[in-house]
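Take a look at the structure set out below.
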């Protein structure tokens, strides 16, 4: 991913942090890949159900 793509990914994750603050969003890099990790409070795993469904649909 080039610098513009990395910047776009960071902007997307920043927007998701505002939209879906009930989960934690992080971006890390394991060259050459970027990894987006979404985690929920262990006592509220249902917070990830909708997102998991959306990812599975693709």
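Is at least one residue of the range 41-48 surrounded by 13 or more Cβ atoms within 10 Å (Cβ to Cβ), out of contact with any helix residue (DSSP H, G or I) (no Cβ under 7 Å at 6 or more places or on another chain), at pLDDT below 90 and on the phi < 0 side of the Ramachandran plot?
yes
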Review point. If you go through the range 17-33 one residue at a time, do you hit one that is part of a helix (DSSP H, G or I) and either surrounded by 11 or more Cβ atoms within 10 Å (Cβ to Cβ) or modelled with pLDDT under 90 (or both)?
Key: yes
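In the range 1-16, which residues are exposed (fewer than 10 other Cβ atoms within 10 Å of the Cβ) and in a loop (DSSP other than H, G, I, E, B)?
2
The values are calculated or read from the model by the stated rules, or taken from the named source; none is laboratory data. Note that the structure is predicted; figures quoted are calculated from it, not measured. Heads up, the Cβs are rebuilt from the backbone with ideal geometry, glycines too, and the neighbour counts pull from every protein chain shown.
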